[in-house]
Every structure is written in structure tokens, then in C-alpha cells.
Amino acid sequence: MKISTLHNQLVTRDQSAYEFGVRAPVSKTISLFGSGFMGSKKMDGNTTTLSATTSGRADLGGFQAGAMYNFSKRTTAYAIYGTQEVKGKEGAAGAKISNDAYAVGVRHTF
């Protein structure tokens, strides 16, 4: 994916990531799932800082894990936890942005 932005100069971001996942039924009513990703981001231009806009070169990574409980064919409860991280490289070495999140809910299909 190539993204161009105007930030005192024209900058092109080259970002790539790989994701893998698995879902497994544990019983008739319970399923577990998980996924993970890793990748890298390259920035053409002379910016080397890592900020909220994550400019500069960086490594990307994270995972998600969760469980689903089937009350019936149409109603499911779920719980999910996930985290992601962007670690700066070169001039931004040591800089890191990370996020953790979770979700709990019930889904009903009509």
C-alpha cells in the first residue's frame, strides 16, 4: 500500500503486514479464536520521528484472542482482547506506540 501526504514535503509511505489466524470449536457451544499480525512501515523522505502519526520507519505487530458462547443458532456471546504495537527504528529507535482493547457483547441475528 502506498500513501502520499503533504507534510512540508511529499512523503510516500510503504507499509506491509502479514496476518494469520485460527478458530477452533472446543465444544458444541464454545469456540476459541485468535489472530496475530506483523509487518513493517517504511517512509521515503527525511523524517525520522515516531509520533502519533507514526512517521519514520517502524515495525508493526499485535494479536487478538477471543471466545464465543452460542446460546442458540442465532444468539452468541463473545469476549475479545487485542493489542497492537508500533516500534520506531533508526532515528526513531526506542519510540513506541501501543494500544490494548477489549470487547464483550451479545450478538443476535434476525
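Readers should treat all values here as calculations from the given coordinates under stated rules, not as data from a laboratory. Just so we're clear, the structure is a prediction, and the values are computed from it rather than from any experiment. In this analysis, Cβ positions are derived from the backbone assuming ideal geometry, glycine residues included, and neighbour counts consider all displayed protein chains.
Compared with the direct C-alpha span, the chain from Asp100 to Tyr78 gains 6.2 nm at full extension, assuming 0.36 nm per residue. The lysines within cross-link reach of Lys73, meaning a Cα-to-Cα straight distance under 28 Å and a gap of 8 or more places when in the same chain, are Lys28. For Arg107 and Gln15, the FRET efficiency from 1/(1 + (r/R0)^6), where r spans their Cβ atoms and R0 equals 30 Å, is about 0.45. In straight-distance terms, cross-link reach from Lys87 covers every one of the lysines whose alpha-carbon lies under 21 Å from its own, apart from those fewer than eight places away in the same chain; here that gives Lys2, Lys41, Lys42, Lys96.
Please work out how much length the chain gains when fully extended from Ser40 to Ser27, using 0.36 nm per residue of separation minus the C-alpha to C-alpha distance, in nm with one decimal. Mind showing how you got there, number by number?
Numbers: separation 13, 0.36 × 13 = 4.68 nm, distance 3.75 nm.
Gain on extension, Ser40 to Ser27, equals 0.9 nm.
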